[in-house]
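The values are calculated or read from the model by the stated rules, or taken from the named source; none is laboratory data. For clarity, every value in this text was computed on a predicted model and none was experimentally measured. Because the Cβ atoms are built from the backbone with ideal geometry, glycine has one as well, and the counts that use them run over all protein chains shown. For accessibility, only protein heavy atoms count, side chains too; no ligands or nucleic acids. Shrake-Rupley method; radii C 1.70, N 1.55, O 1.52, S 1.80 Å.
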Amino acid sequence: MAIILGDDRYGKAENRIVRIVRDSPRHEIRDVNVSTALRGDFAAAHLEGDQGNVLPTDTQKQTAYAYAKLHGLAELEGYGLALARHFVDDVEPVASARVEIEEYAWDRVVVDGAEHDHTWTRNGTEVRLASVTVAGTGEAQQTWMTGGFKDLVILKSTGSEFHGFLEDEYTVLQPTNDRIMATSLVATWRFGTTDVDWNAVYGGVKAVMVERFANVHSLALQQTLYEMGRAALDAYPEIVEIRMSAPNKHHFLYDLAPFGIDNDNEVFHADDRPYGLIQATVTRDDAPDAGPAWDHYTGLV
C-alpha cells in the first residue's frame, strides 16, 4: 500500500493590523485580524524540502499590511478580495488563496458632550467576520465569499417558551411558558455575487436578525434561528445561504424560598456550562455550490 501526500496548504495566521485614516482632523480606525492560506504546487516542499515554489509566510504577512494601506479596510470583503486575487494572479505557483478576517469595533470617546476626533474605547459587541477564497486565473477564476459575525450576545427576558418536548426516564427538565432566552450567536452567510454593498448588507443582516430574535414569540431557539435566517435571505438576495450556531446561555430561576423571599421570575442564576448548542443552516433551494466557501467556518454546522 502506497503512502502519498494528501491535501496541503500553508499561510500566515492572525496578522493583527490596525489602520488609522488621517485624511482629515477626524481620524478613523479599523482593527482587524487577518489570516491567509495558499494552495498550489507545493508538493516538493513536503517531499523533498525544496522551497522553490514556496512564497514565505512572512511575505504573506508583509503583503497583508501593505494592502491595508494600498486598498484600505473600509470594506473587509473588498480588502480580502484584492489580497486573495493578488496571490492567485501574481504568484505563479498559487492555485487558490483564502483570506479570513475578523474585525474588532471601537467607539469614539465623548468629551464635553462631543465625540472626540482621535480617541476611542474598545467596543464590547460582536466580532465581524469575512472570508474570501479565490481559485484559478483569467475567465476561469472562481470566487467564494462569506460575511458574518460571532460573539453577538443577545438576551430577551420574556417571549420564549419550551414545552411539549420528548421525555424519558432521565428527563428532569420542567416545561415552561415564560423563560429568559439568551445566546452568543455566530452567524455566517454566503454571497452569490461579488457585486455587493458589503457594509450595508452587514449592518442590515444584523439588524434583521436582532429584530427577529426580539419579536418572534419563540417556542424553541431552533424556531427563532430559522426565522432569523429566513428573514435575512428574504431581505438580501445577494445572500444564498446562512449558517448559525447558538449556544443556549441558560438562566435558571434562583430559589429564594429558604429565606422567605418570593421570586416571581425576577432573580436568576446565569449558568455558563454545560449548555445546549443549537445550529441551523437556512438556504435557497437554488443556491450555487458552496465550493470551499465554508473552509474554517467558525461555527460547527
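Here are the numbers:
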read-out	value
Residue, farthest from Asn263 (Cα to Cα), within the stretch 152-208, restricted to residues that are out of contact with any Lys or Arg (no Cβ under 9 Å at 6 or more places or on another chain) and acidic (Asp, Glu)	Asp195
Qualifying residue in the stretch 29-37 (condition: surrounded by fewer than 18 Cβ atoms within 10 Å (Cβ to Cβ) and either outside any strand (DSSP E or B) or in contact with a Ser or Thr (Cβ under 9 Å, 6 or more places away or on another chain) (or both))	no
Test: Ala135 is touching a strand residue (DSSP E or B) at 6+ places or on another chain (Cβ under 7 Å), farther than 25 Å from Ala207 by Cα and either open to solvent by 30 Å² or more (accessible area, probe 1.4 Å) or touching a residue at least 24 places away in the same chain (Cβ under 8 Å) (or both)	yes
Thr36 being of a type outside the set (A, V, I, L, M), within 19 Å of Glu100 (Cβ to Cβ) and without any contact (Cβ under 8 Å) to a residue 24 or more places away in the chain	no
Filter result for the condition that a residue is open to solvent by 30 Å² or more (accessible area, probe 1.4 Å) and either assigned to a strand (DSSP E or B) or over 23 Å from Gly148 (Cβ atoms) (or both), over Ile3, Ile17	Ile3
The stretch 54-86 - residue that is assigned to a helix (DSSP H, G or I) and small (Gly, Ala, Ser) and, of those, most open to solvent (accessible area, probe 1.4 Å)	Ala66
Within the stretch 262-290, tally of residues that are more than 21 Å from the chain's Cα centre (by Cα), surrounded by 13 or more Cβ atoms within 10 Å (Cβ to Cβ) and in a strand (DSSP E or B)	1
Strands (runs of 3 or more DSSP E) contained entirely in the stretch 170-261, each with at least 1 residues that are closer than 18 Å to Tyr275 by Cα, in contact (Cβ under 8 Å) with a residue 24 or more places away in the chain and open to solvent by less than 40 Å² (accessible area, probe 1.4 Å)	181-191, 239-247
So Asp107, is it part of a strand (DSSP E or B) and more than 27 Å from the chain's Cα centre (by Cα)	no
Every residue from the stretch 144-169 that is among the charged types (D, E, K, R) and outside any loop (DSSP other than H, G, I, E, B)	Lys150, Asp151, Lys156
In the stretch 94-132, the residues that are open to solvent by less than 60 Å² (accessible area, probe 1.4 Å), within 28 Å of Ala37 (Cβ to Cβ) and of a type in the set (A, V, I, L, M, F, W, C)	Val94, Ala95, Ala97, Val99, Ile101, Ala105, Val127, Leu129, Ala130, Val132
Residue that is surrounded by the most Cβ atoms within 10 Å (Cβ to Cβ) [pool: residues in the stretch 144-154 that are of a type outside the set (Gly, Ala, Ser) and in contact with a Phe, Trp or Tyr (Cβ under 9 Å, 6 or more places away or on another chain)]	Thr146
Condition check for Ala43: without any contact (Cβ under 8 Å) to a residue 60 or more places away in the chain and open to solvent by less than 50 Å² (accessible area, probe 1.4 Å)	yes
